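Computed from the coordinates by the stated procedures, all read-outs in this text should not be read as laboratory data. Here the structure is a predicted model, which means the values were calculated and not measured. Methodologically, a virtual Cβ is constructed for each residue, glycine included, from the backbone with ideal geometry; neighbour enumeration extends over all protein chains shown.
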Amino acid sequence: MSYEQAVNPLRKFKLVFLGEQSVGKTSLITRFMYDSFDNTYQATIGIDFLSKTMYLEDRTVRLQLWDTAGQERFRQ
């Protein structure tokens, strides 16, 4: 383990996006991850998972982004 890792360990955060169908959950995640926007609609099936490592104020953080389906059939 390096000195930097010992002083500023990697922080992990899980973000779960919940909401009704077609409200923009996937669009928000796509914009954040890839800085792009696609206006064609393609429903999320089940759950999608993405991870992004960022550097904030001398600290490394890893975000786990969970994109959930809004359709009624995927709710329990």
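Annotations for the structure displayed:
- Amide H contacts under 5 Å for residue 21, placed H, 5+ residues apart: none
- Gyration tensor verdict on segment 23-68 (Cα atoms; rounded if a/c is under 1.5, prolate if a/b is larger than b/c, oblate otherwise): oblate
- Near the amide H of residue 60, within less than 5 Å, lie the amide hydrogens of 11, all on another chain or at least 5 residues away, with H placed in the peptide plane.
- Fully extended contour minus Cα-Cα distance, from residue 32 to residue 20, at 0.36 nm per residue: 2.3 nm
- Distant-in-sequence amide contacts of residue 44, defined by a placed amide H-H separation under 5 Å and a gap of 5 or more residues or a different chain, comprise 70.
- Note that segment 33-41 has calculated 3J(HN,Hα) couplings of 6, 10, 6, 9, 9, 10, 7, 7, 8 Hz, one per residue in order, obtained from phi through the Karplus relation 6.51 cos²θ - 1.76 cosθ + 1.60 (θ = phi - 60°); glycine and proline are x.
- Residues of segment 18-39 falling in the label zone of residue 63, defined by backbone nitrogen less than 18 Å from a point 7 Å along Cα to beta-carbon, are 18-19, 24-38.
- ³J(HN,Hα) computed for each position of segment 54-69 - Karplus, 6.51 cos²θ - 1.76 cosθ + 1.60, integer Hz, glycine/proline x: 10, 10, 10, 6, 6, 9, 9, 10, 10, 9, 9, 9, 10, 9, 9, 7
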